[in-house]
Amino acid sequence: MEDKELKELMLASKLKASENLKDRIIHQINAEKGLIPKSHKVKTSNGSYFYILRVMYLFLLILAAYFYFQTDGNPFQSQTFVISTLFIASTFSLYWFVNVYVDYRKTKV
């Protein structure tokens, strides 16, 4: 008999939740979610920078064809061709480096 009495006593001593408890809990959860700052997803590129090199080689090909016809078959005889080639290659390489570095800094943050 003691077990039954103990069980009944425990059931009788349980606290009953109020009717609006569920509403208060949901309101509290939503309020806490509102206080948490939303993290913004950093948009990064897909990492393919080969288009820069393609454009550079296209420029170099056009430049080589131009100087090929201007120098009668040997564009390396022209100092302007060599300087122009170095300038185009260094400019595009610098542009490529800046793009890679900016993307690296975006993903690091």
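Only the coordinates and a few stated rules stand behind these numbers; no lab work does. The structure presented is a predicted model; accordingly, all values stated were derived computationally and were not measured. Every residue, glycine as well, gets a Cβ built from its backbone with ideal geometry; the counts of neighbours run over all protein chains shown.
Of the residues Ala64, Ala12, Ala31, the one that moves most in a GNM of the chain with alpha-carbon contacts below 10 Å is Ala12. One chain, two ends: Thr107 and Ile29. Fully extended at 0.36 nm per residue, the span grows by 25.0 nm beyond their Cα-Cα distance.
Taking only C-alpha pairs under 8 Å that are 6+ residues apart, what is the relative contact order of the chain in percent? Let's see the in-between values first.
Values: 32 pairs, mean separation 30.4, N = 109.
Here the relative contact order equals 28 percent.
Taking the longest Cα principal axis of the chain as reference, the axis of helix 50-70 is set at about 10 degrees. So how far apart, in nm, are the two label points at Glu2 and Gln77 if each is 7 Å from Cα heading toward Cβ? Each label point is offset 7 Å from its Cα along the Cβ direction, giving 11.8 nm.
Helix 2-13 and the longest principal axis of the C-alpha atoms of the chain enclose an angle of approximately 60°.
Between the beta carbons of Ile62 and Val100, assuming R0 = 30 Å, the FRET efficiency works out to 0.75 to the nearest 0.05. With unit charges on the beta carbon (Lys/Arg positive, Asp/Glu negative), name the residue among Thr107, Val82, Tyr57 whose Cα is farthest towards the positive pole of the charge dipole of the chain. Farthest towards the positive pole: Thr107.
Multiplying the residue separation of Leu86 and Ile36 by 0.36 nm and removing their Cα-Cα distance gives an extension gain of 12.7 nm.
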